[in-house]
Structures are given as C-alpha cells and as structure tokens.
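The values are calculated or read from the model by the stated rules, or taken from the named source; none is laboratory data. On a predicted model such as this, the values are computed, not experimentally measured, just so you know. Note that we place each Cβ from the backbone using ideal geometry, even for glycine, and neighbour counts take in every protein chain shown. The accessibility values were calculated without ligands, DNA or RNA, using every heavy atom of the protein model including side chains. Shrake-Rupley method; radii C 1.70, N 1.55, O 1.52, S 1.80 Å.
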Amino acid sequence: MQSVWPQKKMKREPLIHLIQGSLRRMDQKRALTFLRGREIETRLSFHDLDEDSDCMARSFKRMGLGQGDCAVLFLPKCVSWVVAHLAVLKIGAISVPLNPAFTKRELAYFLKETTPKLAMVGVNQVEAVREIAPSLPLVTV
C-alpha cells in the first residue's frame, strides 16, 4: 500500500515559526479583509497583522500570560480575534477559542477545564465570564 504522507523529511519547528515566516514573506500583501454586513470594516496587510499581534503579545505577557498558559478567546467574529490568536501563539501559550453563543453552563465547563490565565471577551460576554470567574483578567473588545 502506498503512503499518501510526504516521503521527504519535514522540518521539526513550532507552528508559530512557520506562520511568522509567512507573515514576513507576504509583508505588504493583504492578509485579511473583514466585512461587517456588506461593507468593508477592516483591511490588514501581513505586515500589519504581524506588528499588531506582536503588540498584543506584549500586552498579554504584561498581564501574566506565559508559555504553556491558556488564553480564552470568547468573542464574536472580528479582526481582534485573529490578532489575539496569533499573539497567544507567539507567546507559546494555548489559544482556547470558545463559541460566543455558549450557555453559561458550557462556558463554566471550559473555564474550569482550561484554567485560563486571561480571557479576551466581547462586550456581550463580559457579564457571563464575570459571574463564573470573577478574578479572571479580561480584555474586552
């Protein structure tokens, strides 16, 4: 039986190193266009996405997020979600994306199981997180 897996040896390096290489290589090309309804809300180049995620990573580190820690992303679809996810990966932390439509019971389960060091939440999710984890540091978008 023939293998479908590539036969050549793959480099063993962290995923974020591959992502950062792509961000730098693509530089001024458009990384994403975010639409709200039918209108363009935001456009970011790969360069801007790299810089913005570096800035957010520094902020998360100042808040105590470190390598191996969990960070919950509990917010609706937005550019900040993409930037935050990359920032968490750059630190070496674990991104825990949660559906903003989760019930309080579902949210409580994931907050208990992941023991996050911080959460990035949408304005409509703040109250639920505060009720379940009042001491959890929050970044509100």
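The table below lists the values:
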quantity	calculated
3J(HN,Hα) from dihedral phi, segment 20-32, Karplus parametrisation 6.51/-1.76/1.60, rounded to Hz, x for glycine, proline	4, x, 5, 4, 6, 5, 7, 5, 8, 5, 6, 8, 7
Long-range lysine pairs (8 or more apart or interchain), segment 61-132, Cα under 18 Å	4
Gap separating the Cα centres of segment 98-141 and segment 29-61, nearest whole Å	23
Inverse of mean 1/r across different Cα pairs in the chain, Kirkwood, Å	16.6
Point-charge dipole on Cβ atoms (K/R +1, D/E -1) for the chain, about Cα centre, debye to 20	440
Accessible surface of the chain, 1.4 Å probe, proportion on carbon and sulfur as whole %	54
Glu106-Met63 pseudo-label distance in nm [points 7 Å out on the Cα-to-Cβ vector]	2.2
Lys, Arg +1 and Asp, Glu -1 on Cβ, resulting dipole of segment 62-138 about Cα centre, debye, nearest 20	100
Within a Gaussian network of the chain (alpha carbon springs, distance under 10 Å), most fluctuating of Arg38, Arg62, Arg105	Arg38
Helical contribution to [θ] at 222 nm, DSSP H n ≥ 4, -39,500 (n - 2.57), averaged over the chain, rounded to 500	-13000 deg cm²/dmol
Sites Arg43 and Lys9, calculated FRET efficiency, Cβ-Cβ separation with R0 30 Å, nearest 0.05	0.20
Segment Ser22-Thr140, extension gain: residue separation times 0.36 nm, minus the distance between their alpha carbons	39.6 nm
Whole-number accessible area per residue in Å² for segment 1-102, which is evaluated in the context of all protein chains at 1.4 Å	69
